[in-house]
Every structure is written in structure tokens, then in C-alpha cells.
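Chemist: Here you go, one structure.
The values are calculated or read from the model by the stated rules, or taken from the named source; none is laboratory data. Nothing here was measured: the structure is a model prediction, and the numbers come from that model. Here the Cβ is made from the backbone with ideal geometry for all residues, glycine too, and neighbour counts use every protein chain on show.
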Amino acid sequence: MRQAGRSLPEYRSLREGTTMLDSCVRPDMAAEITLQPVRRHRVDAGIFFSDIVVPARLAGLGVEIRPGVGPVFDHPIRTEADVDALPPLGDDYDAALEPIREAVRLTVDELATTPLIGFAGAPFTVASYMVEGGPSRDHLRTRALMRSRPEVWDRLAAWVAELSGRFLRAQVLAGASAVQLFDSWVGALGAEMYTGHVRPHSAAALARVADLPVPRIHFGVGAAHLLPPMLEAGATVMGVDHRLRLDRALEVLPAGTPIQGNIDPAVLFTSEPARHEEARAVLAAGARASGHVVNLGHGVPPDTDPQVLTDLVSFLHEQRVPRA
Ligand code: CP3
């Protein structure tokens, strides 16, 4: 999840003087930041240090990540002319992805047998930042664009699908062992809007890695009503946020679907017994899945005590039971 490393003093000291997005395109820095939480917490996989708007920056768009705010675009994309002016994603984009490939190679070399999860932002979530210009509570302009100018929306979302899909592919070809497509804000949509205007584009992004032998995890926040259609976008593993118990998620997903989730990040600010109780409950609720990637139900809050995370990982390892 985003911000996993942000609670670490070694992350803050390495990042000092470098903007978030600049640190993502410096291979040595991106690799080191990816490795920091793996070394410290002894998790079973690393997640590549980057951001869902890094591909847009590499394609030439003006975008920054404002601390405490999130991604902010210089020029919101709202009209047909704005979409016409998006940079073409040709060989230049491929060349611009080189620092990402290099960072993945450096990371994978050092991780040795620990897998690296690559990721990208899904078309709805990334396009929503582009249309709104920054973070938004209700994604009103984006949803209005979908309804009023569906053909303009489709061209924008198709552009993002190619942008994110090629970003995923670059990470896998450089050595990532799995991918995760984050559609963080998709929970703002009803099922009809999702299947009609969004799923085809998420499917196009995931199709860019479908020929490669890696699991494709798909995650949305507040997306309990969208789990089956999101899986149908071409995912092979469904991420579930902390709002839905994993046994409920398994009831609506086809038998045999592996799941990822979903310890409530709020327990990081409670007591050890409360954390252990939540961890046991998540393991029990996920026990019937054909595979369960244990993680938090959303991002690590920046003011989390790192020791709490290390202890939680170690507790989870103690609970591990051999699968039949
Ligand atoms: O934890 C990690 O370092 C993994 C890499 C990662 C980041 N962003 C780095 C990051 C991942 C997987 C993301 C994904 C991401 N980024 C998502 C999808 C996942 C999710 O959380 O729903 C979204 C929606 C974003 C957009 C974004 N980037 C937001 C909302 C923010 C927070 C802004 C803030 O300061 O509150 C970011 C910034 C960001 N991305 C940070 C990191 C480490 C924090 C930068 C910093 O302050 O050092």
C-alpha cells in the first residue's frame, strides 16, 4: 500500500531534499526505499516504490505530489481539446520508462528470493486525478464527464489504460513477480457505471500483462459491491479493503479466487491485544480462500510507530499454518 515506508526514519532521511516524484525516477533511491520496509519488517514481499502518477510524469504531463494533499496536475483534463493535447505514447514513453526498469532490476537483485510486487493506477483513479486536477471527495467532474461526453471519457481512459498497462509490463519484464492494479476511488461508482464506462479500460490495462506468468491483483476502496465485476476485468487475485470481512468477500467471488486483505489500519493505533485479535480474525475469515495475501485493508498511516508494524508481521508469521 502507499506510504508504507513513510513512517520510517530511514525513509525520511533518504528523501530529504528530493521531491516525491523525483525520488521515484532515481533508480538507486527508488530501489533503496523499496527495500527499507522489507529489511525492517521482514515482510514476505516488497512493493515497488513509485506512485500511480509516475507514468503520467514520465509521459510528459505536469504533475506533482503535494505533501499532505496528494497528486496535483498543472492542467486538468476536462474537454475534448485537452484530450487531443495528451502526449502520444510512442517510443519516447518506452525510453522514459528506463529508470523504472533499472530501479526494478536493482531491487530484484537485492531482494533475491523475496518477490517484488509491481503496480499501477487503474484508469478511473488516475483519470479522476487528471480531470479533477487533484484529490476529490466525490469525483463529480469525472462522473459528469462519463455521462455527458462518454466518447471523450473513453478516449481519456483508453490513454490512461495504455499508460498504466505499459508501466506494469515494464516492471514485470524487469523482474517483478506480481502486479497490483489500484483502483482506489472506484467505490464512488455504481455497478452500472463501472461495467459500462470503467471496466473495459481496466481490462485493457491488465491485458498488457496477461501473457506474462504473474498474478494480477486488483484493489479498490469501498468496492464491496464491485468485487465480481472488478475480477472480470482480468484480475486473478482480489484485494479487499478493511470494510468488508473476507468471508463475505469469498461468498460473492467465484470459488477458488485468491484474496488479499485486510487488517484495519486503525488497529495500528490501539493495543497489542486488539491488533492480535484483528489479525486472528482476518486470518480466520480468509482461511477458506484458495490463497490469502495478508496485508492492511488500506495504506499505512504516516504517523504509525514502525515497531508496531514489525511486531504485527512477526505475530502473523507465528500464526502461519501449513496449507493442506
Ligand atoms: O508504500 C509505498 O511506498 C509503495 C509505493 C506506493 C506509493 N503510492 C508511494 C507514495 C504505492 C503503491 C502508491 C499508490 C497510490 N498513490 C495510490 C493507490 C493505493 C492507495 O493507497 O489507495 C494512490 C491513490 C496514490 C496517490 C497518492 N500518492 C496519495 C493520495 C498520496 C498521499 C499524499 C499525502 O501526503 O497525504 C501519495 C503520496 C505518496 N505515494 C507517498 C508515498 C510513499 C507519500 C509521499 C511522502 O510524503 O513522502
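Chemist: How about the stretch 277-320: which of its residues are within 16 Å of the ligand (Cβ to nearest atom) and polar (S, T, N, Q)?
Modeler: Result: Asn295, Thr304, Thr310.
Chemist: Suppose we filter the stretch 27-52 for residues that are in contact with a Gly (Cβ under 7 Å, 6 or more places away or on another chain) and assigned to a helix (DSSP H, G or I); how many remain?
Modeler: Final tally of qualifying residues: 6.
Chemist: Taking the criterion of being free of Cβ contacts under 8 Å to residues at least 40 places away in the same chain, more than 19 Å from Val186 (Cα to Cα) and either more than 20 Å from the chain's Cα centre (by Cα) or crowded, with 17+ Cβ neighbours inside 10 Å (or both), would at least one residue in the stretch 130-147 satisfy it?
Modeler: Checked the stretch 130-147: no residue is free of Cβ contacts under 8 Å to residues at least 40 places away in the same chain, more than 19 Å from Val186 (Cα to Cα) and either more than 20 Å from the chain's Cα centre (by Cα) or crowded, with 17+ Cβ neighbours inside 10 Å (or both).
Chemist: For Val63, which of the numbered conditions (1) more than 8 Å from the ligand (Cβ to nearest atom); (2) modelled with pLDDT under 95; (3) of a type in the set (A, V, I, L, M) fails to hold?
Modeler: Condition not satisfied by Val63: (2).
Chemist: So in the stretch 172-222, with the set limited to residues that are assigned to a helix (DSSP H, G or I) and within 16 Å of the ligand (Cβ to nearest atom), which one is farthest from Leu116 (Cα to Cα)?
Modeler: This residue is Ala188.
Chemist: In the list His292, His298, His242, which residue meets the criterion of being surrounded by 18 or more Cβ atoms within 10 Å (Cβ to Cβ), more than 16 Å from Pro123 (Cα to Cα) and modelled with pLDDT under 95?
Modeler: Details: His292 fails: modelled with pLDDT under 95; His242 fails: modelled with pLDDT under 95.
None of the other options fit; the residue is His298.
Chemist: If you don't mind, there's one more thing I want to ask. Would you confirm whether or not the stretch 79-86 contains a residue that is over 23 Å from Leu316 (Cβ atoms), buried (at least 17 other Cβ atoms within 10 Å of the Cβ) and modelled with pLDDT of 95 or more?
Modeler: Yes, that holds for at least one residue.
Chemist: Given the structure, is Leu283 touching a residue at least 40 places away in the same chain (Cβ under 8 Å) and farther than 23 Å from Leu8 by Cα?
Modeler: No, not satisfied.
Chemist: What are the residue pairs meeting all of these: first residue in the stretch 208-224, first residue under 24 Å from Leu189 (Cα atoms), second residue part of a loop (DSSP other than H, G, I, E, B) and away from the ligand (no atom under 11 Å from the Cβ), Cβ atoms under 6 Å, and 6 or more apart or on different chains?
Modeler: Once the first residue is under 24 Å from Leu189 (Cα atoms) and sits in the stretch 208-224, its partners that are part of a loop (DSSP other than H, G, I, E, B) and away from the ligand (no atom under 11 Å from the Cβ) give Arg216/Ala235; Arg216/Thr236; His218/Ala235; Ala224/Leu244.
Chemist: Okay, moving on. Test of understanding: among Leu14, Leu106, which residue is crowded, with 18+ Cβ neighbours inside 10 Å, assigned to a helix (DSSP H, G or I) and within 16 Å of the ligand (Cβ to nearest atom)?
Modeler: Testing whether each residue is crowded, with 18+ Cβ neighbours inside 10 Å, assigned to a helix (DSSP H, G or I) and within 16 Å of the ligand (Cβ to nearest atom) leaves just Leu106.
Conditions (1) at negative phi; (2) more than 16 Å from the ligand (Cβ to nearest atom); (3) at pLDDT below 95, marked per residue:
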{"position": "Ala224", "(1), (2), (3)": "yes, no, no"}
{"position": "Gly234", "(1), (2), (3)": "no, yes, no"}
{"position": "Met238", "(1), (2), (3)": "yes, no, no"}
{"position": "Ile259", "(1), (2), (3)": "yes, yes, no"}
{"position": "Pro322", "(1), (2), (3)": "yes, yes, yes"}
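Chemist: Go through the stretch 137-166 and give me each residue that's within 22 Å of Ser50 (Cβ to Cβ) and not hydrophobic (A, V, I, L, M, F, W, C).
Modeler: Listed by number, the residues that qualify are Glu162, Ser164, Gly165, Arg166.
Chemist: Follow-up question, since we're still on this one. Is it true that Arg216 is crowded, with 17+ Cβ neighbours inside 10 Å, within 30 Å of Pro27 (Cα to Cα) and not hydroxyl-bearing (Ser, Thr, Tyr)? Can you show your working first?
Modeler: Details: crowded, with 17+ Cβ neighbours inside 10 Å: yes; within 30 Å of Pro27 (Cα to Cα): yes; not hydroxyl-bearing (Ser, Thr, Tyr): yes.
Yes: the conditions hold for Arg216.
Chemist: Enumerate the pairs (first residue in the stretch 64-93 and more than 16 Å from Ser164 (Cβ to Cβ); second residue anywhere and of a type in the set (S, T, N, Q) and within 10 Å of the ligand (Cβ to nearest atom)) with beta-carbon separation below 9 Å, excluding pairs fewer than 6 apart on the same chain, so at least 6 apart or on different chains.
Modeler: Sorted first by the residue in the stretch 64-93, then by its partner, the pairs are Glu64/Thr19; Ile65/Thr19.
Chemist: Could you give me the residue pairs with C-beta distances under 8 Å whose first residue belongs to the stretch 42-59 and is within 14 Å of Val108 (Cβ to Cβ), whose second residue is near the ligand (Cβ under 7 Å from one of its atoms) and part of a loop (DSSP other than H, G, I, E, B) wherever it lies, and which are 6+ apart or on separate chains?
Modeler: Listed pairs, sorted by first residue: Ile47/Met1.
Chemist: Would you pick out the residues in the stretch 14-47 that are closer than 22 Å to Ala178 by Cα and among the small types (Gly, Ala, Ser)?
Modeler: Ala30, Ala31, Ala45, Gly46, listed by residue number.
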